[in-house]
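Just below is one structure, and these are the notes that go with it.
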Amino acid sequence: MEKIRIKNLEEDVYYEKLDNGLEVYLYTKDDIYTNYVTFTTKYGSVYNDFVPIGESKIRSFPKGIAHFLEHKVFEDENGQDYLKKFVHLGSESNAFTSFTKTSYLFSTTSKVTENIQLLLEMVSKASFTEKSVSKEREIIQQEIGMYQDSPDYRLFFG
């Protein structure tokens, strides 16, 4: 791994780009015992045009797909919730979608390797059924309605 010195803080970050294109950053601090891990993709609410894997031309996709995928990734092929799997490993997990990225994350004080494996499984084995898509559509519609009741949200987007 390449060592990158953060001069103003006098600390180091380690970086490596894997053969599959995944960029890994590692920051350690001796007096901190909680591990915080994120898996971030450059796909957010303003990125609706991209070249799908196995294709050669840019395609446009409907708005909201990044946020929809953020929700769906937390459900495995058997309809089980990955949040519960993280809790079973003693960690907390969450995700968020911004304009430019979607991040999946967890924090833990133990079983870091097992949690990383679970995170990688979660983001790489997304499963969709007509029933689960319909259910998730309803959840996101409720979430949108909730934001419509938020003065901050209305002001920001208005």
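Numbers at a glance
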| item | result |
| --- | --- |
| The chain: relative contact order as a whole-number percent, Cα under 8 Å and 6+ apart | 20 |
| Residue-level accessible surface for Met1, protein heavy atoms, 1.4 Å, Å² | 120 |
| Prolate/oblate/rounded call for segment 116-158, Cα gyration tensor, a/c under 1.5 rounded | oblate |
| Structure-based [θ]222 nm, the chain - -39500 (n - 2.57) summed over DSSP H runs of at least 4, per residue, nearest 500 | -10500 deg cm²/dmol |
| Segment 80-121 - percent relative contact order, Cα under 8 Å, separation 6 or more | 34 |
| Two-site FRET efficiency, Asp30 against Ile53, from Cβ-Cβ distance with R₀ of 30 Å, rounded to 0.05 | 0.15 |
| Listed residues Thr38, Thr109 arranged by accessible area, highest first, probe 1.4 Å | Thr109, Thr38 |
| Segment 25-90 - accessible surface per residue (Å², probe 1.4 Å) | 75 |
| Gain upon complete extension [Ser132, Ile144; 0.36 nm per residue less C-alpha separation] | 2.5 nm |
| Segment Asp19-Ile4, extension gain: residue separation times 0.36 nm, minus the distance between their alpha carbons | 3.4 nm |
| Rounded percent of accessible protein surface that carbon and sulfur make up, the chain, 1.4 Å probe | 54 |
| Residues in segment 79-120 that a label on Phe157 would reach, taking backbone N under 18 Å of a point 7 Å out along Cα→Cβ | 96-102 |
| Length-normalised contact order for segment 15-79 - Cα pairs under 8 Å, 6+ apart - percent | 19 |
| Modelled FRET efficiency - R0 41 Å, Asp76 with Glu11, Cβ distances, 0.05 increments | 0.65 |
| 5 angstrom amide H check on Glu92, placed H, neighbours 5+ away | Ser107 |
| Label of the coordinate-derived value, percent of Cα pairs over 18 Å apart, listed as [x] 61; [y] 57; [z] 69 | [z] |
| Ordering of 48-54, 61-67 by burial proxy (mean other Cβ atoms within 10 Å per residue, highest first) | 61-67, 48-54 |
| Net charge of neighbours whose Cβ lies under 13 Å from the Cβ of Ile140, counting Lys and Arg as +1 and Asp and Glu as -1 | 0 |
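The values are calculated or read from the model by the stated rules, or taken from the named source; none is laboratory data. Keep in mind it's a predicted model, so treat the numbers as computed, not measured. When we count neighbours, we look across all protein chains shown, and the Cβ atoms used for this are built from the backbone with ideal geometry, even at glycine. Please note that ligands, DNA and RNA were not included when accessible areas were found on the heavy atoms of the full protein model with its side chains. Shrake-Rupley method; radii C 1.70, N 1.55, O 1.52, S 1.80 Å.
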